[in-house]
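Comments concern the structure below.
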Amino acid sequence: MRVAMIGTGYVGLVSGACFADFGHTVTCIDKDASKIEQLKAGGIPIYEPGLDQLVASNVKAGRLFFDTDATQAIREADAVFIGVGTPSRRGDGYADLSYVYAAAEEIAGLVQGFTVVVTKSTVPVGTGDEIEAIFKRVRPDADVAIVSNPEFLREGAAIEDFKRPDRVVVGTTDERAQAVMRELYRPLYLNETPILFTSRRTSELIKYAANAFLALKITYINEMADLCEAVGADVQQVAKGIGLDGRIGGKFLNAGPGYGGSCFPKDTIALVRTARDAGSPVELVETTIKVNDERKRAMARKVVKALDGDLKGKTVGVLGLTFKPNTDDMRDAPSLAIVPSLQDKGARVQAYDPEGHEARALLSDVDFKDDPYAVAEGADALVIITEWDQFRALDLDRIKLLMKKPVLVDLRNIYKPADMRARGFQYLSVGRS
């Protein structure tokens, strides 16, 4: 099939490359000429493991193309996907749908013949109705079906998630559109992937409901971690004990500094706004947002505690700045709250992240280093914020020699307390005595 993908951000580029790998002919379109030139030259504007090879192989095979001009790709497309950003709107937290609606207007002016227009971006309930209204206004004669097909991609594992998903959700009752969507995802039938067809509004809500539930699960185990510290229990054992219950499951039960990234923060806020507008507030989600925001500041206080309540004139080394490993995404990363809090309390901060290059523009007065050992040198305390694999196997004897004081605050629980104490470290983790 022929696919046009509007937007070459995280969702658009990964989805477009994966559809091409399924055997479809895909053109990824973006207004940003520099990004398109970079892609045509073999560069990748985001960091996602395996994406560079996937893009290169499908470009070479003649299935994947990039362009700033959408005209030909949309006119020839069986399906046009909208994969543009929907950031939180400043001031009120609503999803900013201006890019989505602009894409819809452009598509409406170009489609020829029956075309399935698919919203891949994360959008509030009712957005598909608004897109349909745009088509009726701009091209009342257009033969289109407006479909919702939310993405469920984890940064750092997006290709695997696209090719071996838990499920594919498609919001449409149009039989012709259902046939097109089945054909697009036909390679997944070999894996017996469930494809759930729903109404469009139901599909839109599934995406927000899923992300809000996962955010709630993370926040729950973080609160249990605080309780474990207060009563002398071990949150990792608690998580294992409850996660073995099939009704609960063990995923997203890792205590840490709170959730961040491109999805959970904005999607939970957008869901809260949608629910309040509908007169049906989601108070559990509202509390989750509040608790998570406070969580990040509490992590800075844990560092203060490790250094006897005073950070003035102290040097704190930070390992990991992105919101999670295997991504360069800094959006709502815990480090963006923790590092300024440490600085406000008088600490000098030196930091390293393998891919968090954007942090240099987002964090001020930080001494950025080129490796973990340079971060440890002269530090009064070392703080692990992001659990990159290279931080899991540090030469701890070398780290200890480099540091001014052997204080390690592990916000991801990647080391064992007994082992660290045996090595002579003052070790603090999350939810463990």
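The values are calculated or read from the model by the stated rules, or taken from the named source; none is laboratory data. These numbers were taken from a predicted model, which means no experiment stands behind them. Using ideal geometry, Cβ is built from the backbone for each residue, glycine included, and neighbour counts are taken over all protein chains shown. We work out accessible area using only protein heavy atoms, side chains counted, and drop any ligands, DNA or RNA first. Shrake-Rupley method; radii C 1.70, N 1.55, O 1.52, S 1.80 Å.
Take each peptide in 284-297, 321-334, count the other Cβ atoms within 10 Å of every residue, and average; sorted highest first, the result is 321-334, 284-297.
Summarising the label geometry, the points placed 7 Å from Cα in the beta-carbon direction at R423 and R301 lie 2.9 nm from one another.
Within the chain, antiparallel bridges make up roughly 5 percent of the DSSP beta bridges whose residues both belong there.
Between the residues G320, A359, A239, the greatest Cα displacement towards the positive end of the dipole of the chain, with unit charges on the Cβ of Lys, Arg, Asp and Glu, is found for A239.
Each Lys and Arg contributes +1 and each Asp and Glu -1, all at the Cβ; summed about the Cα centre of region 275-433, the dipole is approximately 760 debye. Highest mobility in the GNM of the chain, judged by mean-square fluctuation with C-alpha springs under 10 Å and restricted to G113, G91, G241, is found for G91. With both labels modelled 7 Å from their Cα along Cα-to-Cβ, the E283 to S57 distance reads 5.2 nm. Averaged over residues, the count of other Cβ atoms within 10 Å places the peptides 42-48, 254-260 in the sequence 254-260, 42-48, highest first. Charged side chains reduced to their Cβ positions (Lys and Arg at +1, Asp and Glu at -1) give the chain a dipole of some 940 debye around its Cα centre.
Seen from T8, the other residues with C-beta closer than 9 Å to its C-beta sum to a net charge of -1, counting Lys and Arg as +1 and Asp and Glu as -1. In this rough spin-label picture, where each label sits 7 Å from Cα along the Cβ direction, the E294-E160 distance is 3.5 nm. Straight-line cross-link partners of K324 among the aspartates and glutamates, defined as a Cα under 13 Å from its Cα and at least 8 positions apart when in the same chain: E48, E155, D332, D353, E355, E387, D389. The DSSP beta bridges internal to region 90-239 are antiparallel in roughly 10% of cases. Rounded, prolate or oblate for region 287-425? Axes are the square roots of the Cα gyration tensor eigenvalues, ordered a ≥ b ≥ c, and the cut-off for rounded is a/c under 1.5. Since a/c stays below 1.5, the shape of region 287-425 is classed as rounded.
Over the Cα atoms of region 168-278, the radius of gyration divided by the Kirkwood radius equals 1.10; this is the Rg/Rh ratio. Could you work out the relative contact order of region 220-340? I mean the mean sequence separation of Cα pairs under 8 Å and 6+ apart, divided by the number of residues, in percent. Here the relative contact order equals 24 percent. Within a straight-line Cα-Cα reach of under 28 Å, K40 can be paired with the following lysines, leaving aside sequence neighbours fewer than 8 residues apart in one chain: K31, K60, K120, K163. The ellipsoid that matches the Cα gyration tensor of region 29-106 has semi-axes, each √(5λ) in whole angstrom, of 26, 18, 11, with the longest given first.
Placing unit charges on each Cβ (+1 for Lys and Arg, -1 for Asp and Glu) gives the chain a dipole about its Cα centre, and among C263, I44, L401 the Cα reaching farthest toward its positive end belongs to L401. Computed from the C-beta positions of V138 and H357 and an R0 of 35 Å, the FRET efficiency is 0.30 to the nearest 0.05. Note on region 278-339: Cα convex hull, mean projected area over all directions, 6.3 nm².
Take the chain with all the other protein chains still there, run a 1.4 Å probe, and you get 44 Å² of accessible area per residue. Taking amide hydrogens as placed 1.01 Å from N in the peptide plane, the amide H of L64 sits under 5 Å from those of V26, V59, each at least 5 positions away in sequence or on another chain.
In vacuum, with every alpha carbon of region 1-63 counted as one equal point scatterer, what does the Debye formula give for log10 I(q)/I(0) at q = 0.12, 0.17 Å⁻¹? Two decimals, please. Each listed q maps to, in turn, -0.23, -0.48. Taken over the Cα atoms of region 114-218, the convex hull encloses 104 Å³ per residue. Our analysis of region 1-153 gives Rg over Rh at 0.96, with the two radii drawn from alpha carbon positions and Rh computed by the Kirkwood formula. Each Lys or Arg adds one and each Asp or Glu takes one away; over the other residues whose Cβ falls under 9 Å from the Cβ of P187, this sums to +1. Karplus-derived 3J(HN,Hα) values for region 364-373, using 6.51 cos²θ - 1.76 cosθ + 1.60 with θ = phi - 60°, are 9, 6, 9, 8, 7, 10, 9, 6, x, 6 Hz; glycine and proline are entered as x. Comparing Cα centroids, region 61-83 and region 249-271 end up 33 angstrom apart. Among the lysines of region 266-319, pairs at least eight places apart or on separate chains and with Cα atoms under 25 Å apart come to 10. When the chain is treated as a GNM with alpha-carbon contacts under 10 Å, the residue of D67, D353, D92 showing the greatest mean-square fluctuation is D92.
Each residue of region 246-254 was assigned a 3J(HN,Hα) from its phi angle through the Karplus expression (A = 6.51, B = -1.76, C = 1.60, θ = phi - 60°), giving x, 6, 9, x, x, 6, 6, 10, 9 Hz with x at Gly and Pro. Sorting the segments 97-104, 120-127 by their residues' average number of neighbouring beta-carbon atoms within 10 angstrom, most packed first, yields 120-127, 97-104.
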